[in-house]
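Below is one structure, written out as structure tokens; comments come after it.
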Amino acid sequence: MAKRKGLTFYEKKKRFSKEMLREIFSTLFYCFAAVLVAFVLVFAAGVKMNVIGVSMEPALYNGQEVLVNRFSYKFISPGRGDVVAFLPNGNPNSHYYLKRVIGLPGERVQIIGGYVYIDGELLVEDEAYDKIADAGIAASEIRLENDEYFVLGDNRNGSEDSRSGNIGPVNRDTIMGKVWFQLGREGESMGFVK
């Protein structure tokens, strides 16, 4: 038999080395562990609840699920513009209300001509909010105590909030947490609450 002259190519089978397999499994394990830890932290620190009613439209819709961070206010105070979950008058038999913080402790709040005034100054707000038709108890100036907040729904004319005599200013002790993430329904996006 004659020998072939020229180049010959041998196809080597590619094999996974033990180190490569170990690296792949290690990477997969750490990715899975990171996702699991993030999931546990989000749901341990947060509470999932449904929006009830149309008072927070267009930011939040009736039936939409949101996550409430119940630990954030253990370290910081609620800020103007935060959406908070609270029990009206601390009533444990009520459902949690979701409203936006407008007035902070120590401030004077009044609604004049359909607009909110804080310490005598017009509060500059998003133009998407309707002019307030009924000032309720805020027609007269309300001075907030050191642990009280004035809250309004984004749907200003379809909300029961701090303007209502049966709710009034919200006490810090009745605030469960900050609404920080909205879960999308079909056709809606998920994201942080603004």
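Derivation of every value follows stated rules applied to the coordinates shown; laboratory data play no part. These numbers come from a predicted model, not from an experiment.
Numbers at a glance
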read-out	value
DSSP-defined beta bridges in region 75-154 - what % are antiparallel, rounded to 5	100 percent
Solution diffusion estimate, µm²/s, Stokes-Einstein, region 63-162, Kirkwood Rh from C-alpha pairs, 4 °C, viscosity 1.567 mPa s	90 µm²/s
Gyration tensor verdict on region 36-116 (Cα atoms; rounded if a/c is under 1.5, prolate if a/b is larger than b/c, oblate otherwise)	prolate
